[in-house]
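One structure is given here, and the rest of the page talks about it.
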Amino acid sequence: MGFWSFSVFIIIIALIANWYGNTKAIRLNSALGKNSKLPSLPKYYGSHSVIWLTIPAISGLLIWSVFKPFIIDNILISNLSTELKNSFVGGTGMLVDSIKSVNPENPFPGTNPEIIEAAKIYSKISFDVNAEALWVILFLSLLLCFISLRKISPKFKARQAVENSNVTLLILCSVVAIITTVGIIFSLIFEAVRFFNQIPIFDFLFGLSWSPQMAIREDQVASQGAFGAIPIFAGTLLITLIAMSVSIPVGLASAIYLSEYASKKTRTTVKPILEILAGVPTVVYGFFAAITVGPFFKELANFFSFNIASESAIAAGGVMGIMIIPFISSLSDDVISAVPQSLRDGSSAMGATKSETIKKVVLPAALPGIVGAILLAVSRAIGETMIVVMAAGIAANLTANPFDSVTTVTVQIVTLLIGDQEFDSAKTLAAFALGITLFIITLFLNVLALKIVHKYRERYE
């Protein structure tokens with residue numbers, strides 16, 4: 001049995017169980033008469049049986065996916081000959097990896113015949129063990145579903161059981177989200193501490209030179225590298241400011257127009273067209289910035305007898321701002337439209353003009369949502385990589401000139417982790433130091449935004 005066959009079985013059985021549970025509850029309800037009824041609606045009995053079928057099945061699949069590699073690898077190792085295990089240089093782990101990499105049906109010429117035979121064994125073991133595990137999971141799920149169907153009676157409160165299951169599921173999802181967040185933070189902290197054990201934290205935070213390319217020989221120039229992060233964060237800030245200076249005015253103005261001034265027909269036409277920008281891949285924006293916007297600024301500068309770099313922060317930031325416009329516009333439009341009409345009517349009744357109503361009533365009421373949209377846009381700008389690589393370059397320059405080539409934190413993280421790297425070198429660990437620093441800065445910005453919202457928002461009760 002494969003995964004898809006298992007999924008089809010579960011879906012079909014879930015539909016049957018739901019129908020049978022509903023039908024059985026209806027019949028039992030009819031048999032009890034008017035004086036005695038089931039404590040829950042029939043649909044809850046069917047839903048309870050589906051829950052007792054699907055939740056164990058999904059849980060079993062998750063558990064099996066975690067332990068499957070270890071189990072299959074151990075079974076494979078036990079089936080390998082002692083001669084093969086002893087003759088292979090690199091240990092059992094590398095032997096297993098070599099076997100997994102071989103296609104037994106079409107092996108690479110010159111591959112050891114014993115490895116090919118082991119690959120066939122691995123393929124058979126993987127198929128058989130996986131099928132057996134899925135059958136066991138299916139059997140246990142069916143057993144629990146059958147028990148649930150047998151519980152249908154006047155004493156069983158299915159509605160409460162379903163609601164408790166829903167609450168438990170929500171709690172588990174929350175726990176998973178929290179654990180994931182904590183895991184990300186601690187993984188960054190752990191690797192960042194290793195980096196700061198090699199490079200002083202003050203040299204990283206306040207250094208003005210970034211050149212993490214470690215030399216191969218000690219006599220080479222800058223053999224220890226330079227890990228001053230100020231140029232990277234300055235470039236990130238510069239590009240983000242340029243992007244925000246484009247996206248916030250245009251996006252917010254578009255949202256105000258669509259929600260307050262545009263007709264219903266215009267709104268239904270313009271808003272989807274504007275949101276098309278959100279669906280364009282970032283690599284397309286990168287091409288647009290590198291081929292069109294960047295050369296445009298360069299030609300414009302040449303016209304005024306200025307010389308600017310072909311890769312510049314203004315090209316990347318401007319195009320990034322265009323990309324972010326739909327995020328601010330769409331979210332702000334929804335938030336502004338959600339402001340009660342009674343507030344607008346009250347303001348108009350007091351003699352305020354439409355623009356005064358928007359400025360004094362609507363925008364303060366919608367401030368939390370607008371700030372949230374801007375924060376989302378800022379996060380998108382900070383995390384963008386492709387546009388910066390194609391339009392601004394990867395050189396770390398400490399400059400405030402928007403016409404110079406700069407780089408960002410995310411670009412450097414990608415650059416540092418490309419290829420085969422040693423995870424005990426400062427060059428690789430610098431990516432984690434950049435990541436944890438960016439996380440702290442983003443957290444600070446979110447806290448600051450919450451403080452601003454709390455101070456300036458208008459509450460209407």
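Some notes on this structure:
- Residue count for region 157-212, restricted to those that are within 30 Å of Val50 (Cα to Cα) and not in a helix (DSSP H, G or I): 1
Each row is one residue, and each column tells you yes or no for (1) buried (at least 21 other Cβ atoms within 10 Å of the Cβ); (2) outside any loop (DSSP other than H, G, I, E, B); (3) touching a Phe, Trp or Tyr at 6+ places or on another chain (Cβ under 6 Å).
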site	(1), (2), (3)
Ala377	yes, yes, yes
Met390	yes, yes, no
Ala395	no, no, no
Thr399	no, no, no
Ser405	yes, no, no
Val411	yes, yes, no
Thr437	no, yes, no
Ile440	no, yes, no
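- Subset of region 13-54 (residues that are among the aliphatic types (A, V, I, L, M), modelled with pLDDT under 85 and in a helix (DSSP H, G or I)): Ala25, Ile26, Leu28, Ala31, Leu32
- Exclusive hit being without any contact (Cβ under 8 Å) to a residue 12 or more places away in the chain and surrounded by 13 or more Cβ atoms within 10 Å (Cβ to Cβ), set Ser330, Ser310, Ser348: Ser348
- Search result, residues across region 1-38 that are surrounded by fewer than 16 Cβ atoms within 10 Å (Cβ to Cβ) and in contact with a Lys or Arg (Cβ under 9 Å, 6 or more places away or on another chain): none
- Entry remark, region 270-301: residues being of a type in the set (Gly, Ala, Ser), under 13 Å from Pro326 (Cβ atoms) and surrounded by 19 or more Cβ atoms within 10 Å (Cβ to Cβ) number 0 in total.
- Among the residues making up region 1-52, none is of a type in the set (S, T, N, Q) and at positive phi.
- Members of region 39-54 that are surrounded by 18 or more Cβ atoms within 10 Å (Cβ to Cβ) and more than 22 Å from Trp4 (Cβ to Cβ): Ser40, Pro42, Tyr44, Tyr45, Gly46, Ser47, His48, Ser49, Ile51, Trp52
- Helices (runs of 4 or more DSSP H) contained in region 246-318 and holding at least 2 residues out of contact with any helix residue (DSSP H, G or I) (no Cβ under 8 Å at 6 or more places or on another chain) and in the same structural domain as Val335 (by TED's automatic domain parsing): 264-279, 294-303
- Looking only at residues of region 227-245 that are touching a helix residue (DSSP H, G or I) at 6+ places or on another chain (Cβ under 6 Å) and assigned to a helix (DSSP H, G or I), we find that the one that is surrounded by the most Cβ atoms within 10 Å (Cβ to Cβ) is Ile239.
- Residue that is crowded, with 17+ Cβ neighbours inside 10 Å, among the small types (Gly, Ala, Ser) and at pLDDT below 85, where the choices are Ala161, Ala57, Ala119: Ala119
- Looking across region 122-158 at every residue that is of a type in the set (S, T, N, Q) and closer than 23 Å to Pro42 by Cβ, the one that is surrounded by the most Cβ atoms within 10 Å (Cβ to Cβ) is identified as Ser141.
The values are calculated or read from the model by the stated rules, or taken from the named source; none is laboratory data. All of these numbers come straight from a predicted model, not from anything done at the bench. Reconstructed Cβ throughout: ideal geometry from the backbone, glycine too, with neighbour counts over all protein chains shown.
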